[in-house]
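One structure below.
Any read-out appearing in this document is the output of simple, stated calculations on the displayed coordinates, not a laboratory observation. These numbers were taken from a predicted model, which means no experiment stands behind them. So basically every Cβ, Gly included, is an ideal-geometry build from the backbone, and we count neighbours across all protein chains shown.
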Amino acid sequence: MPGQRSMTEKNKEIKTICTNRKARHDFFIDDQLEAGIVLMGTEVKSLRLGRANLKDAYARIKNGEIFLYQMHISVYPMAAYGNHDPLRVRKLLLHGREIDRLLGKIQSKGYTLVPLEMYFSKGKAKVKIGLARGKRKYDKREAIKQRDIKREMDRKE
């Protein structure tokens, strides 16, 4: 029937929950990875309502595992009990070889791990992690200048 989608088409959709716009302003993103995330039930329900914030979040490798810090997922309002801590540390799911590769780059070249986006893919919550280098103040000013020039050119057309 027209207008209806099959179950396989529905599962392929990607629904964005939140993005970290500040990360692209503060860092040069050199590489990106998709990681799963370990969540509690109330956290998933809150994410389905779009109640998350990645603004000050960062990831660290500890004992061969990656953890996400300072990501805020609001308390689920309809839970009677058993709600989660909004800023709890959450484990990310990556293959061991990917973690080892990231660890090598972080230790040698001064990179950091920053979450860029959170979304549902095939019904599972995913986080896009960026391997990032910090921008200097003059780099940020240059990026703003280029964006303004581009905006002016688009207006004139």
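Data for the structure
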item: Relative contact order of the chain, defined on C-alpha pairs under 8 angstrom at six or more residues apart (%); result: 32 percent
item: Unsatisfied cross-links (Cα-Cα over 30 Å) in the set Lys45/Lys105; Lys55/Lys156; Lys62/Lys128; Lys55/Lys150; Lys45/Lys137; Lys128/Lys150; result: Lys45/Lys105; Lys55/Lys156; Lys45/Lys137
item: Among Met118, Met78, Met40, residue whose mean-square fluctuation peaks in a GNM of the chain (springs only between Cα atoms under 10 Å); result: Met78
item: Sites Lys15 and Ala80, calculated FRET efficiency, Cβ-Cβ separation with R0 25 Å, nearest 0.05; result: 0.40
item: Simple Cβ-charge dipole of the range 5-89, Lys/Arg +1 and Asp/Glu -1, about Cα centre, in debye nearest 20; result: 340 debye
item: Among (i) 174; (ii) 104; (iii) 222, the entry that matches volume of the Cα convex hull per residue in Å³ as calculated here; result: (i)
item: Sum of side-chain charges, Leu33 neighbourhood, beta-carbon under 12 Å (Lys, Arg +1; Asp, Glu -1); result: 0
item: Where trypsin sites (Lys or Arg not before Pro) fall in DSSP loop in the range 55-157, at most 10 other Cβ within 10 Å; result: Arg136
item: Environment charge at Leu103 (Cβ cut-off 12 Å; Lys +1, Arg +1, Asp -1, Glu -1); result: +3
